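S.K.: Before I ask anything, let me first share the structure, which is written out below as structure tokens.
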Amino acid sequence: MTAPAPAVAEHPAALALAGRHRVRIWEPLPWLLAIAFYFLFPKYLGFGTDLLVTILFALSLDLVLGYAGIVTLGHAAFFGAGAYTVGMLAKYGIWTEPITGLVIAAAVAAAIGFVSGLILLRTTGLTLLMLTLCTMALLEEAANLGQEYTGGFDGLDSVPIDPVFGIFEFNPLFPNTQYLYVLGVLFLCFIFIRTLVYSPFGQSLTGIRENMLRMHAVGAPVRMRLVLCYTISAAIAGIAGALWAQANAYVNLSALGLDRAATVLIILVLGGCGRLYGAFVGAIAYMALSHFLAKIYPTAWQLGLGLLLVIIALFARNGILGIFQSFLHRLKAKRARSS
Amino acid sequence: MSAPLLETRGLGRNFGALLAVHDINFRLEAGARHALIGPNGAGKTTFINLLSGVLQSSTGQVIFKGDDITEMPEAARVKLGIARTFQINRLFRGLSVLENVYIAVAERTGIAPSKLRPAGTRKNVVDEAMHMLETVKLQDAAGSLVSELPYGRQRLVEIAIALGLRSEVLLLDEPAAGVPSAETHIILDAVAGLPKHIGVLIIEHDMDVVFRFAERITVMVAGSVFTEGTPEQIRADERVRAVYLGQEAHRGAAHG
């Protein structure tokens, strides 16, 4: 009665599941654009570097918020942890090699993510939101008070960073090295995140996001998964922070603040949560918009951004990418009906 | 006789001053097809919650194959082999039907923590999930989002997830509620197709389903076991008729 049909694996749904991780034809596009940007806009490489760092930071947030459904308003804690790790190690001449510096920064941020996650992730919803905010505020205050080590309010500047691979110097005036270096690291991190979200682990994270109670009922160690996801995400945010510190050769409190945490959240919501490229689209849209709005209306440019966010939140819960997706869906449905 | 598959001794749970369930001594044998009936508010769902670990008991013990699992959390009980469905759907609504079952099968087979290989290339897991969907006649909907299915078919996803756990104890909390009567046989067929050694406990209000399915029936009233017996004994029991079946007829009249 329940004998399996012979062609189970050929079922369209099974094929779709089996093929969803494959590289789409348009996926090289953002990377080609990033390389083209390097050649076309040599004067804007500083801006470009900043954009790439922001994308990486937003990707790390996407992993916890978009995939695992962990609502956090304190993700800049890990960005800051990474930035200060690299900054302090270099400033005091302990460690100035950039790539291993990233690894150390990731480890420190991951450790903070792990320990705080063990405590925070017992809670959900508003409590969780407030606790993530508190964690970040504690770190921020620590950075502010530990003036001897962190430079306090002024931060640390002229942080010395060794050349990449011992050859390519970081030059603050011509950030060519910074741009390519950050692009390379972003690419590697993206591949890692992409692999992760399409794995069974990533699938289980979406399960937790969709229905945590049911995940308990299928025998999943929910909290362990969440802590692990939070730790991985913290490490990536730490790398983003470290890149930021290395590329700019300074660290200050802005790495840790609510401003940064809220901005990255806005970017992700704008681009689309839980869909990998939302971070790219959101970061570009946010940065371009703030640039233009600031030009048009210098005193209250954030008003325009706020309005856009309200519209997105009301009418396009899945962000800009979500709008595209539903448009494509409708197009496909139309074509299917007419054929 | 050997130890039963699942047993409770003096099991009770109170919510403040309210004794939702008290002093329940219950045995579910291997291979049982056991129904739990009783009027609304009798504590049936609370009892299942205690068995599955959704709730912790206030008094008494839950014993699985001779081991005390009273303190064990829900997920660990699932790993031992106790699976359940919920009276109100608990599904991954934003995911496809296939993904819903995939998640359950991935947890059971232990591949869920793996991070590098794409989920879809685990052919055995995908195949098994598809097979579970065939069992509940949902293969056509495998690619749809759960939230796009009508409620009755969502109930079948609920069953498919539980089947995907391949448990030894299966607790079904009103599996047919909300399923069009023409489709309730799908659920009964799916249960009938389970390996014989699995112990199944079902809460159900539809007496048709109960008498077609059950080989043993426990009647709960006001938080404790009222009586237990074969379907014939229960059907013939005047007291059951009074407290339950009569009320059922009354309910039916009120609904009709």
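S.K.: Mind listing whichever residues of segment A:300-324 are of a type in the set (S, T, N, Q) and modelled with pLDDT of 85 or more? First the steps, then the outcome.
M.R.: Start the filter on segment A:300-324 by keeping residues that are of a type in the set (S, T, N, Q), which leaves A:302, A:318.
Of everything in segment A:300-324, just one residue is of a type in the set (S, T, N, Q) and modelled with pLDDT of 85 or more, namely A:ASN318.
Yes or no, residue by residue, for (1) at pLDDT 90 or above; (2) open to solvent by less than 10 Å² (accessible area, probe 1.4 Å); (3) under 21 Å from B:LEU11 (Cβ atoms):
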| position | (1), (2), (3) |
| --- | --- |
| B:LEU172 | yes, yes, yes |
| B:GLY178 | no, no, no |
| B:GLU215 | yes, no, no |
| B:GLY223 | yes, yes, yes |
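S.K.: Let me ask something additional. Among the residues of segment A:198-220, how many are open to solvent by less than 10 Å² (accessible area, probe 1.4 Å), under 17 Å from B:THR85 (Cβ atoms) and facing another protein chain (nearest Cβ under 7 Å)?
M.R.: Keep residues of segment A:198-220 that are open to solvent by less than 10 Å² (accessible area, probe 1.4 Å), which gives A:199-205, A:207-208, A:214-215, A:217-220.
With under 17 Å from B:THR85 (Cβ atoms) added as a condition, the list becomes A:207, A:214-215, A:217-220.
Retained after the next criterion (residues that are facing another protein chain (nearest Cβ under 7 Å)): A:207, A:214, A:217-220.
Matching residues across segment A:198-220 total 6.
S.K.: May I pose another question? Could we say that B:VAL101 is under 24 Å from B:LEU201 (Cα atoms) and part of a helix (DSSP H, G or I) here? Walk me through how you get there before you give the answer.
M.R.: Values: under 24 Å from B:LEU201 (Cα atoms): yes; part of a helix (DSSP H, G or I): yes.
Here the answer is yes, as B:VAL101 does meet what is asked.
S.K.: What are the residues in segment A:198-231 that are β-branched (Val, Ile, Thr) and outside any helix (DSSP H, G or I), if any? Reasoning before the result, please.
M.R.: Residues of segment A:198-231 β-branched (Val, Ile, Thr): A:206, A:208, A:218, A:222, A:227, A:231.
Selection gives A:VAL218 alone.
S.K.: For segment B:86-107, which positions are at pLDDT below 95, touching a helix residue (DSSP H, G or I) at 6+ places or on another chain (Cβ under 7 Å) and more than 8 Å from chain A (Cβ to nearest Cβ)?
M.R.: If the condition is that a residue be at pLDDT below 95, touching a helix residue (DSSP H, G or I) at 6+ places or on another chain (Cβ under 7 Å) and more than 8 Å from chain A (Cβ to nearest Cβ), then B:GLN87, B:ASN89 are the ones that fit.
S.K.: Related question: Name the single residue, out of those in segment A:107-165 being aromatic (Phe, Trp, Tyr) and more than 30 Å from A:CYS229 (Cβ to Cβ), that is modelled with the highest pLDDT.
M.R.: Keep residues of segment A:107-165 that are aromatic (Phe, Trp, Tyr), which gives A:114, A:149, A:153, A:165.
Filter once more, keeping what is more than 30 Å from A:CYS229 (Cβ to Cβ): A:149, A:153, A:165.
Values: A:TYR149: 90, A:PHE153: 88, A:PHE165: 93.
The selected residue is A:PHE165.
S.K.: For segment B:2-59, give me the residue count where each residue is outside any helix (DSSP H, G or I) and within 14 Å of chain A (Cβ to nearest Cβ). So that I can check it myself, show each step before the final result.
M.R.: From segment B:2-59, those outside any helix (DSSP H, G or I) are B:2-43, B:53-59; that's our starting set.
Going one step further and asking which of them are within 14 Å of chain A (Cβ to nearest Cβ), we end up with B:53-56.
Residues flagged as outside any helix (DSSP H, G or I) and within 14 Å of chain A (Cβ to nearest Cβ) within segment B:2-59 amount to 4.
S.K.: Any residue at all in segment B:36-44 that's open to solvent by 10 Å² or more (accessible area, probe 1.4 Å) and within 23 Å of B:GLY164 (Cβ to Cβ)?
M.R.: For segment B:36-44, residues open to solvent by 10 Å² or more (accessible area, probe 1.4 Å) and within 23 Å of B:GLY164 (Cβ to Cβ): absent.
S.K.: To continue, here is another question. From A:ARG194, A:ARG223, grab the single residue that is within 14 Å of chain B (Cβ to nearest Cβ), under 30 Å from B:LEU55 (Cβ atoms) and open to solvent by 10 Å² or more (accessible area, probe 1.4 Å).
M.R.: Details: A:ARG194 fails: under 30 Å from B:LEU55 (Cβ atoms).
Answer to the selection: A:ARG223.
S.K.: Just wondering, is there one or more residues in segment B:235-242 that are buried (at least 17 other Cβ atoms within 10 Å of the Cβ), closer than 16 Å to B:LEU36 by Cβ and more than 20 Å from the chain's Cα centre (by Cα)? Outline the logic, then answer.
M.R.: Let us first name the residues in segment B:235-242 that are buried (at least 17 other Cβ atoms within 10 Å of the Cβ), namely B:237, B:240.
Those left that are additionally closer than 16 Å to B:LEU36 by Cβ: B:237, B:240.
Retained after the next criterion (residues that are more than 20 Å from the chain's Cα centre (by Cα)): B:237, B:240.
There is at least one residue in segment B:235-242 that is buried (at least 17 other Cβ atoms within 10 Å of the Cβ), closer than 16 Å to B:LEU36 by Cβ and more than 20 Å from the chain's Cα centre (by Cα).
S.K.: Okay, moving on. Give B:VAL105, B:VAL101 a once-over and let me know the one that is more than 27 Å from A:HIS329 (Cα to Cα), among the aliphatic types (A, V, I, L, M) and crowded, with 22+ Cβ neighbours inside 10 Å. Break it down into steps so the answer makes sense when it comes.
M.R.: Working: B:VAL101 fails: more than 27 Å from A:HIS329 (Cα to Cα).
On inspection, the qualifying residue turns out to be B:VAL105.
S.K.: Follow-up. How many of the residues in segment B:75-85 are surrounded by fewer than 21 Cβ atoms within 10 Å (Cβ to Cβ) and either within 8 Å of chain A (Cβ to nearest Cβ) or not in a loop (DSSP other than H, G, I, E, B) (or both)?
M.R.: Step one: of segment B:75-85, the residues surrounded by fewer than 21 Cβ atoms within 10 Å (Cβ to Cβ) are B:75-76, B:79-81.
Pick out the ones that are also either within 8 Å of chain A (Cβ to nearest Cβ) or not in a loop (DSSP other than H, G, I, E, B) (or both) and you get B:75-76, B:79-80.
Of the residues in that region, 4 qualify.
S.K.: Further question on the same structure: How do the helices (runs of 4 or more DSSP H) wholly within segment B:108-211 filter down when requiring 2 or more residues that are closer than 30 Å to A:PHE201 by Cα, within 12 Å of chain A (Cβ to nearest Cβ) and of a type outside the set (Val, Ile, Thr): which remain?
M.R.: Numbers: elements: B:123-135, B:151-164, B:184-192.
So the answer is B:123-135, B:151-164.
S.K.: Which residue out of B:LEU116, B:LEU55, B:LEU50 is open to solvent by less than 10 Å² (accessible area, probe 1.4 Å) and either in contact with a Ser or Thr (Cβ under 8 Å, 6 or more places away or on another chain) or modelled with pLDDT of 95 or more (or both)?
M.R.: Working: B:LEU116 fails: open to solvent by less than 10 Å² (accessible area, probe 1.4 Å); B:LEU55 fails: open to solvent by less than 10 Å² (accessible area, probe 1.4 Å).
Result of the check over B:LEU116, B:LEU55, B:LEU50: B:LEU50.
S.K.: What's the number of the only condition in (1) open to solvent by less than 60 Å² (accessible area, probe 1.4 Å); (2) assigned to a helix (DSSP H, G or I) that A:THR123 fails to meet?
M.R.: The single condition A:THR123 does not satisfy is (2).
S.K.: Tally up the residues in segment B:85-129 that are of a type in the set (Val, Ile, Thr) and more than 24 Å from the chain's Cα centre (by Cα), please. Before the answer, list the steps.
M.R.: Our first condition is that a residue be of a type in the set (Val, Ile, Thr); within segment B:85-129, this holds for B:85, B:88, B:97, B:101, B:103, B:105, B:109, B:111, B:121, B:125-126.
From what's left, more than 24 Å from the chain's Cα centre (by Cα): B:111, B:121.
So the answer is 2.
The values are calculated or read from the model by the stated rules, or taken from the named source; none is laboratory data. The shown structure was predicted, so the numbers you read here are calculated from the model rather than taken from an experiment. A quick note on method: Cβ atoms are made from the backbone with ideal geometry, for glycine too, and the neighbour counts reach across all protein chains shown. These area figures cover heavy atoms from the full protein model, side chains too; ligands, DNA and RNA do not enter into them. Shrake-Rupley method; radii C 1.70, N 1.55, O 1.52, S 1.80 Å.
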